[in-house]
1. Sort the following peptides by mean Cβ neighbour count (other Cβ atoms within 10 Å, averaged over residues), highest first: B:228-234, B:140-146, B:44-50, A:209-215.
2. Using every Cα-Cα pair within the protein assembly as shown, state what percent have a distance larger than 31 Å.
3. Listed here are the pairs B:186/B:222; B:139/B:233; A:44/A:253; A:91/A:112; B:99/B:131; which of them are more than 18 Å apart at the Cα?
4. What's the exposure ranking of A:106, B:166, going from fewest to most Cβ atoms within 10 Å?
5. Per-residue Cβ counts within 10 Å, from other chains only, averaged over A:96-102: what number is that?
6. What area, in nm² and to one decimal, does the C-alpha convex hull of segment A:160-279 cast on average over all directions?
7. Estimate the FRET efficiency between residue A:253 and residue B:197 by the formula 1/(1 + (r/R0)^6), using the beta-carbon distance for r and 45 Å for R0, to the nearest 0.05.
8. If amide H atoms are built 1.01 Å from N in the plane of the peptide, which residues on other chains or at least 5 residues away come under 5 Å of the amide H of residue A:23?
2 protein chains.
Amino acid sequence: MKTPSGENFWEKLRKCSDENSSSLVVGLDPNLDLMPKMYKSPEKIFSFLREIIDATGDLVCAYKPNLAFYISYGIEGLKILEELRKIIPEKIPIILDGKFGDVGHTGEQYAKFSLEVVGADAITLNPYMGKDVLKPFVKRNLGIFLLCATSNPGYSDIEAIAIGDTVLFEKISKISVEWSEYFGIKLGLVVGATHPDVFSKIRHYAPNAPFLVPGIGAQGGKLESAVKSGRTKGGIMPLIVSARGILYASSGKDFANAARKAAGKLRDDINTIMENYDE
Amino acid sequence: MKTPSGENFWEKLRKCSDENSSSLVVGLDPNLDLMPKMYKSPEKIFSFLREIIDATGDLVCAYKPNLAFYISYGIEGLKILEELRKIIPEKIPIILDGKFGDVGHTGEQYAKFSLEVVGADAITLNPYMGKDVLKPFVKRNLGIFLLCATSNPGYSDIEAIAIGDTVLFEKISKISVEWSEYFGIKLGLVVGATHPDVFSKIRHYAPNAPFLVPGIGAQGGKLESAVKSGRTKGGIMPLIVSARGILYASSGKDFANAARKAAGKLRDDINTIMENYDE
């Protein structure tokens, strides 16, 4: 019987990260517009993803499928998402990027979906509706990453609203520590790499929160600042997400090899930055 | 060719509301725990919902399926959501309650899902990541309701954070008017009925935003204050949502009749409050 604190995920993540010497999370976001020609049909997405997973499984600390890229293909897409767990080795955690933000009975259904339908180890959540959003996921012992400062241009519209001397995402970081204590869980934060100044601001309020960092590569974020400023006080490395830069490294027949090369390079780049930083 | 302003939805809503003399939105949230015994299996959900729709179609202005209650049953559930459009008469709008809050390529996939897979006329969105969230839905001419002040107890955690003299949800109301002008669309707001004081506060900043109001009934919100304070300056009635109170009005064989009775009563109660208010 699992105990409700998400430690299964964090432990699994640590082990996988150690074994693969990796802080790289590969985003599994199948996009027909970008996929190699011979895979450009919904029924071939599964084979495409299997090739990608086979080619990168020893280079990652987790995979992150985004719900949107599956349900947009309807039943066929959801079937692929359901079957991902069968082709991702059990020792590699799955972070389901659903950005769920609902409560009560509805939140329960999303938590049930994440655990029972997808077999995810962790999920991403939107904090807007308050800590009620976390409850059903805590109950099911799923790891949680809370949206904090995201990587899109419009992040300033709401996330960076000024509140006295701080801004909303700083307030959220602070509140996330309270929620973490309230539930007795380790609580991760999603921090985009496109705005390097946010790392130290968030770290100030949430010194121990592991960061999940999208926005490297296609979105133009800087790897070095993300790696250097993203580490927790306790030395937990930021989890660096890449999707397009790896999945679509080549649109030819060599896509799996190209994905392996791109993933290996990014993993090594992260480790090199970290080693130099330690010196 | 649709023009990107959501007017198809708002026009369809107005017509359906006029024809059925109704501001009632029935939430189609199939919950096996609450369903009549003879329907307690995923493969019977579709028949259950068809009975509910047949019994209430002339009493509503829209139906609101919540994504969570379908994907939690996996492929079978998504199939039901895909087929809802076939059993909901075309003239009745579908508001897909997905509380989507993602951007860029990912947001595009959710918008594609809403329009092409579900056949929705409108959706609910989470504003946290900024106006980027709205773009793909505006492009597809879907009606939009933005979460503002929700009906759950924990709404105070983030939504009611103090910002100077106001709180976050008031700020969001104000920003929603800017977004509405930026995109040239009518933009609805989700305002929970459980905190009656929020209606006039939000109305102050967003005088013309149609309200979608959950939290009546099972969640304990007060109908009268919702109806009275929820109307726009232009006289648009708030859309009152009920799900459990109608779908599970009876757990016996008479569930469809009981649903019809409950829906009819709520519709009439709303209209009576409004008529007395007009005098």
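Read-outs throughout are calculated quantities, based only on the coordinates presented, and are distinct from any laboratory measurement. Fair warning: this is a prediction, and the values are worked out from it, not measured in the lab. Cβ sites come from the backbone with ideal geometry, for glycine too, and all protein chains shown count toward neighbours.
1. Those peptides, ordered most packed to least, come out A:209-215, B:140-146, B:44-50, B:228-234.
2. 46
3. From B:186/B:222; B:139/B:233; A:44/A:253; A:91/A:112; B:99/B:131, over 18 Å: B:186/B:222; B:139/B:233; A:91/A:112.
4. Ranked by crowding around the Cβ, least crowded first: B:166, A:106.
5. Going residue by residue through A:96-102 and averaging, the value is 6.
6. Reported value for the Cα convex hull: 8.7 nm².
7. Taking R0 as 45 Å, the efficiency between residue A:253 and residue B:197 is 0.10.
8. Here nothing satisfies the definition.
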